[in-house]
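Have a look at the structure below before the remarks.
The values are calculated or read from the model by the stated rules, or taken from the named source; none is laboratory data. All values derive from a computational prediction rather than experimental measurement. Heavy atoms of the whole protein, side chains included, go into the accessibility calculation; ligands, DNA and RNA do not. Shrake-Rupley method; radii C 1.70, N 1.55, O 1.52, S 1.80 Å.
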Amino acid sequence: MSLAIPAFADLTKATRTVLYGDVAGDGAFTPGLTQVKANTVTADGVILNIKAAVSQAGVVSPSLTTMYSPNSNLMLMGIFGAGGSVTGSATLSNVFRVPGLQATLTATPPGLAQPPMQSVTVDYVTPNARLRAVATPADASQPLAAPPQCELSATTSVGACVLGGKVAADAANGKLSQWSLGATWTRMVAEEGKGGVGGLSGQQWGAVVTDNAPGSSSSSSAPTRSATFSFHQLLHGGETSLAAEYSMPLLPPGSTPDHNYALSLG
């Protein structure tokens, strides 16, 4: 048994994001928060995921996620967050009748009191590989005023290892703005449950090298290239229950090493 091949963005997700999420209550752990969740499906087939995060001070942050699939190739999603934020997306599968090829358009409605956001993501997934292209406007308030920023990434599996890479470029000047190479090795074992296999658990080790300024002068005082090593304890088919991360700068030969590092534990 094995996990699905992740996109490179998920392969290199920061440990703090895995543990605590991009927003409050969105990760594996929610320190200082009490969560209440409810899921239901309407008679028309609309899936409703309702969540409320309550802080120790009694502040309630509600959110609602709606999902509706009018047919097997289209999924519509709306996320209504705390403070009136709204994000919508539409995912079309089997684009051009190609199995595994899907496109997702994500955007915030205009006219709301929240930062505008738009992106187009194209995924091509096979049993052993995943390719992804993402385009985002250089200026979200004027999405058609300039060429977009683009990311291309790929991941593939070799046994228990997942290897991947990503390049990001600004289409306006045609120059790379970032590149990354990474790999994870996962050891998963089947847990015995009543009547058979009860789930998966195991460990995952990862290493990623990133350059945030390709082609820049090596004389720069601030290192732009770094290496990150991570460890995840996985439970319940891939859910993280414990994670640690160590990051270090990669300086040119002859430079004085900087021993500052970041370590996150959960």
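Structure notes:
- The range 86-138 - Kirkwood radius from inverse mean 1/r over Cα pairs (Å): 12.3 Å
- Residues of the range 79-165: accessible area per residue with a 1.4 Å probe, Å²: 59 Å²
- The range 30-111: Cα Rg divided by the 2.2 N^0.38 Å rule of thumb: 1.35
- Note on the range 25-161: Rg/Rh from Cα positions, Kirkwood definition for Rh, rounded to two decimals, is 1.02.
- Over the range 130-174, the fraction of Cα-Cα pairs per 5 Å bin, rounded to whole percents and listed from the shortest bin up, is 6, 21, 21, 17, 12, 10, 6, 5, 2.
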